[in-house]
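The values are calculated or read from the model by the stated rules, or taken from the named source; none is laboratory data. Since the model is a prediction, treat every value here as computed from it, not as a measurement. Here the Cβ is made from the backbone with ideal geometry for all residues, glycine too, and neighbour counts use every protein chain on show. Surface accessibility is based on the protein's heavy atoms, side chains included, excluding ligands, DNA and RNA. Shrake-Rupley method; radii C 1.70, N 1.55, O 1.52, S 1.80 Å.
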Amino acid sequence: VIPVHHLPPELLLATSAGRTDEATALVAAVHLTLCPTCRADLARLDAVGGALLEAAPAEATKVPDALWAKLDAAVPEPTPPAPAPSGKVLLPRPLVRYLGVADVDRLPWKRILPGADELHLPLDRNGTPVRMTRTRGGFVLPRHTHEGTEMTLVLAGGFTDGGEHFARGDLSVCGPSVTHTIHFDPGDPCVALVVNEGHLVPKSAWAKALSWFVDF
Amino acid sequence: MIDRFRQGRRPTVDLDDPALVIAEEPRVDALEAQDRDRLVRAALAELPAEQADVIERAYFGDETMRQIAGALEVPEGTVKSRVRLALERLRRIAGAWELVP
């Protein structure tokens, strides 16, 4: 299945220009592994970056008619669904390189709440921390906001946030102004890669109570 | 061992990754490099100056989106929307070029 929620264009550009920090580069690499749409966009930007580097004269910009014809003929086919993984969560390699283990069930999860586990990734460089979360189906994360931007990339299961559904490969980017409640899909646990620039700021009594125990 | 493996690495896509999700191949062969260059240059030449400027700054100016916004004295959201518009135009002018394995 092709993701619906993509890398924002400015993150694609920063990725192409090599200007992302380690946390963002990891999120981008994992999304790009799961998203041929964004890989195509990144390839376009990479080509632009290459062309800019060469800084060729303007007259080289004329496109021959034959080439236009060729492009008109090249309408991409709809994408077939990817084969369903057989029960196991297939973790993309950029992530496995940090985890050392490819099996979600064998990761050293730390229980932070009944139904919610997390795992901090050891980054090479100090910077924005990255963690993985595993949340049981049906869990509701009460109304809260964040001090900074939050990026959540779904690896398994799914959740609904503000009427939008997020499943494997989908990236949710929330600015600090966003207050949200997250409803996890019933059924299998949701596994996600999460980058928070700041801490969670609870907005409801229940979230305030949670935040005593959990450093989101 | 893992540390040694990772050392000095920047997270990037591994095209041999079994988790890689692949779109169906387009009906034409990949463009030749020369044709692709022409298209990219045409796309660049057609970009409005304010969009091209943001792209160039991102590659060569050593600037983040926030810094670009500061330098241009426009809100960061304006810079982001210029990047988005530029990317949409690139998709249109060269939508079918196939660079993706």
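Applying 1/(1 + (r/R0)^6) with R0 = 22 Å to the Cβ-Cβ distance of A:Ser177 and A:Ser204, what FRET efficiency is obtained, to the nearest 0.05? About 0.80, to the nearest 0.05. Here the spin labels are modelled as points 7 Å beyond Cα on the Cα-Cβ line, and at A:Val4 and A:Glu197 they lie 2.7 nm apart. Inter-chain Cβ neighbour count for A:28-40, averaged per residue, equals 5 (cutoff 10 Å, partner chain atoms only).
Mean per-residue shielding of peptide B:55-61 is 6, counting Cβ atoms of other chains within 10 Å of each Cβ. Ligands, DNA and RNA left out, the accessible area of segment A:101-216 computed with a 1.4 Å probe is 55% carbon and sulfur. A 1.4 Å probe over all protein chains sorts A:His6, A:His165 by accessible area into A:His165, A:His6, starting with the largest.
Under 8 Å for C-alpha pairs, at least 6 residues apart: give me the relative contact order for segment A:134-216, rounded to a whole percent. Rounded, it is 43 percent for segment A:134-216.
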